[in-house]
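Okay, structure first, notes after.
What follows draws every value from the coordinates through simple rules; no lab data is involved. Note that the coordinates shown come from a computational prediction; the quantities given were computed from them, not determined experimentally. Every residue, glycine as well, gets a Cβ built from its backbone with ideal geometry; the counts of neighbours run over all protein chains shown.
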Amino acid sequence: MSERREPLLSIKDLRVTFRTRTESVRAVDGVSFDVYPGETLGVVGESGSGKSVTMLSVLRLIPPSTRVVASGQVLFGGKDLLQASKREIRRIRGRHIALIPQDPMTCLDPVLRVGRQVREAIQAHENVAAAEAHRRGVQLLETVGIPEPERHYAQFPHEYSGGMRQRAMIAMGMANAPSLLIADEPTTALDVTIQAQIMDVLRAAQRETRASMVLISHDLGLIAEMADRVVVMYAGHVVESADVQTIFSSPRHPYTLGLIGSLPQTTGNEKWLRPIPGSPPDLADVPSGCPFHPRCFLSRGREICRVTRPELRSLGTGEHRSACHFVAELEGASALPAGELHEGAGR
Amino acid sequence: MSGFLTYLVRRLVAAVITLLGVILVMVLLVRALPGDPARIIAGLQATPEQVEQVRLSMGLDQPVPVQYWRYLVNLAHGSLGTSARFGTSVLSEIAHRLPYTIVLAVFGTLFGAIFGIALGVLAATHKGRWADAFGSMLGVAGISMPVYWLGILLIVLFSVKLRLLPIGGADTLSSLVMPTITLGVFSMAVVSRMTRSTMLDTLDQDYVRTVRAKGVAEWVAVRHALRNAFIPILTVIGLQFGTLLGGAVLTETVFSWPGIGQLLVQSINNRDFPLVQGIVFVFAAMFIVLNIITDLLYSVVDPRVRLYR
């Protein structure tokens, strides 16, 4: 559906390398994908897969104390954000692209009242009088469902619960009606009971501002519920991308299969979780060839997996892309039930 | 509010106990000084009878516990005794000199705090670059330079060569410049190092990233980081102020600043026990009060700090 449209954000061959004194870690290695107006793009992967780093690089928010080298292009509104001046990137942050971070417990300034921090988001881009900013700040808190917004406006973050803090973060994110929201694991740090509420607030915020959203998560359930399209990342690479139905009904990458297969089944009479064998690679020492081959049930020691890194290729059907040498062998595979796909896993 | 009062009373009781200890140590130490105080005060020409007379009048013939007790009784009556040298009340001697020392310590602290924080912020925001290197160079220099040496250097430069500032005394406002620098450089160094290391930590915090993500100017993010770095910085400044009262001893001597530090050195040389004890007592009391004030300020700087419940 999105083929003809102009992308809002276009990431092209992004590479991000962290340099330490002794080694160099490539956290993002040649990532490309587009975000279209109004859609929700899910970015999935284990921790260390480079999903957060990719999106933080879009806003150039990698901590300034780390030595980081980024190459490639991040096109937004016809401008390459990686080349933009500090002034230009400041105008984009919060105004056009807003970040809703992972951990609301550490993302609010502990020594300032929440209202002041919301007001700061408004006044960063608009010359608004204090009284007007205050009025709008209270209104924002009300919009995201904070009770007694006037009272909570004057409180400090430590007087808020985790869910309320994340609501406040969302309020700040939508303050300037940005065209893109980047939500980085927005519910991971919260209680399960709060997660659904926060996602509702996020969805409402998106509807209100008609923004696109990039939802970074390792929670496939959340992605299935929220996303229109999905990008799966592994060890700094995009390994598969497709619309959300296709990803779940006919995944075409062994890693995606493994991710879906490792979900606990609520319907069947499974006794065990089915984890992907092995663990995510050390980014300072990514396996040669296909980075997933040591954990892959499909590779079975075949040489090409060890030697050649597979390209992300279109599978001919719409937007579906996969980076696997033996994608043909997955023809007809369906993720559920997942059990049979794992050699030697499970019983 | 009653919680606050309870807290304050508890702190003050603890302060009194500390002061009792200070007085005990002080009485013992002063008596460990070499030389016979009665002889020194009576003068070399004095007859043995006159010396004995002085000893009796000063209560030096009594055992130390008795002297300690008498001191406490006097203190309870609001008296720090009589200066053996000047024959005047110790309290009035101190009251006369103390304002000079406080002025100097306040200016020294302000100098140290303002320049120390500025340097520390500059170093942290330019980590690994020349401003950082310059800052740590100044820091090392400030910590390792002896006060009297720096004081003499300043005198040579500004008074002898350039003839801009008076050598010493406390006659004009310009007399304050060199003592302030001399006294403040050390705390500037300490404050700047603490500011740098704490800022490096806070600048990397998630909430500062949140601030940057809003699209504000970088200095706004730095301001957030600084505000969060303030507790450790405040601690250092508070402690430094106390140290500066003591540091005033050397600085005041170099610049003939008529403060309490200079008086202390003189009265040690004169073996003027009551005066020495009085001054040390006042120093200790001020130090303790400063600590309480610093703790109170924590709760102003950081809303999460609860001093009492």
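Based on the inverse mean of 1/r over its pairs of different Cα atoms, what is the Kirkwood hydrodynamic radius of chain A, in Å?
Evaluated on chain A, it is 21.3 Å.
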Only helices at least 30 Å long along their own axis, judged from Cα atoms, and with Kyte-Doolittle mean hydropathy of -1.0 or greater: name those in chain B from DSSP H. B:2-31, B:90-125, B:177-203, B:230-254, B:273-301
Everything considered on the Cα gyration tensor (a ≥ b ≥ c; rounded for a/c under 1.5, else prolate if a/b is larger than b/c, else oblate), the range A:108-193 must be described as oblate
With +1 on each Lys and Arg Cβ and -1 on each Asp and Glu Cβ, how big is the dipole of chain A about its Cα centre, in debye rounded to the nearest 20? 940 debye
By what distance, in whole Å, do the Cα atoms of the range B:154-309 stretch along each of the three principal axes, largest value first? 63, 48, 23
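Taking Rh as the Kirkwood radius computed over C-alpha pairs, what is the Stokes-Einstein D of the range B:2-76 at 4 °C in a medium of viscosity 1.567 mPa s, expressed in µm² per second?
87 µm²/s
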P(r) of the range B:106-211 over all Cα-Cα pairs, 5 Å bins starting at 0, rounded to whole percent, reads 2, 13, 18, 18, 16, 13, 8, 5, 3, 2, 1
Could you line up B:ILE143, B:ILE288 from fewest to most neighbouring Cβ atoms inside 10 Å? B:ILE143, B:ILE288
By the DSSP-based rule, helices of chain A that are at least 24 Å long along the axis (C-alpha) and have a mean Kyte score of at least -1.0 are A:192-209
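Summarise the partner chain shielding of A:49-61 as one whole number: the mean count of Cβ atoms from other chains within 10 Å of each residue's Cβ.
Working: counts 0, 0, 0, 0, 0, 0, 0, 2, 0, 0, 4, 1, 4.
Mean shielding by partner chains, rounded to a whole number: 1.
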Residue pairs, from the table A:LYS12/A:LYS51; B:LYS127/B:LYS214; A:LYS51/A:LYS86, whose Cα atoms sit over 19 Å apart: B:LYS127/B:LYS214; A:LYS51/A:LYS86
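Compute the semi-axes of the equivalent ellipsoid of the range A:1-149, taking the square root of 5 times each eigenvalue of the Cα gyration tensor, and list them largest first in whole Å. Kindly include the intermediate steps, with their values, before the conclusion.
On the way: eigenvalues 184, 81, 51 Å².
Equivalent-ellipsoid dimensions as semi-axes: 30, 20, 16 Å.
What ranking of B:TYR100, A:TYR255 emerges when the number of other C-beta atoms within 10 Å of each C-beta is taken as an exposure proxy, fewest first? Working shown, then result.
Values: B:TYR100 21, A:TYR255 29.
Fewest-to-most Cβ neighbours within 10 Å comes out as B:TYR100, A:TYR255.
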Dipole axis of the range B:2-76 (+1 Lys, Arg; -1 Asp, Glu on Cβ), positive-most option in B:SER57, B:GLY21, B:PRO37: B:GLY21
Less than 18 Å from a label point 7 Å out along the Cα-to-Cβ axis of A:LYS79: which backbone N atoms in the range A:115-129 qualify, by residue? A:124-127
For chain B, average projected area of the Cα convex hull in nm²: 21.1 nm²
How big is the charge dipole of the range A:156-216 about its Cα centre, in debye rounded to the nearest 20, if each Lys and Arg gets +1 on its Cβ and each Asp and Glu gets -1 on its Cβ? 220 debye
Distant alpha-carbon pairs in the range A:224-320 (separation over 23 angstrom), percent: 31 percent
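As a check on your grasp of the helix formula, calculate [θ] at 222 nm for chain A: sum -39500 (n - 2.57) over DSSP H runs of n ≥ 4, divide by the residue count, round to the nearest 500. Intermediate values should be presented prior to the final figure.
Numbers: 12 runs with 104 residues, N = 347.
When only DSSP H runs of four or more count, the value is -8500 deg cm²/dmol.
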If each Cα of the range B:56-172 is one equal point scatterer, what is log10 of I(q)/I(0) from the Debye formula at q = 0.11, 0.17, 0.18, 0.22 Å⁻¹? -0.70, -0.99, -1.04, -1.25
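Would you mind ranking A:ARG136, A:ARG321 by Cβ crowding within 10 Å, fewest neighbours first?
Final ranking by Cβ density, sparse to dense: A:ARG136, A:ARG321.
Counting pairwise Cα distances across the protein assembly as shown, what percent come out greater than 33 angstrom? List each step's numbers first, then the result.
Working: 133064 of 214840 pairs.
That fraction is 62 percent.
What is the range A:18-85 by shape, rounded, prolate or oblate, if you read a ≥ b ≥ c off the alpha carbon gyration tensor as root eigenvalues and call it rounded for a/c under 1.5, prolate for a/b larger than b/c, and oblate otherwise? Write out the running numbers ahead of the final one.
Numbers: a/c = 2.32, a/b = 1.38, b/c = 1.68.
The shape class here is oblate.
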Between A:ILE11, B:ASN291, B:LEU165, whose Cα lies farthest towards the positive end of the dipole of the protein assembly as shown when Lys and Arg beta carbons carry +1 and Asp and Glu beta carbons carry -1, centred on the Cα centre? B:LEU165
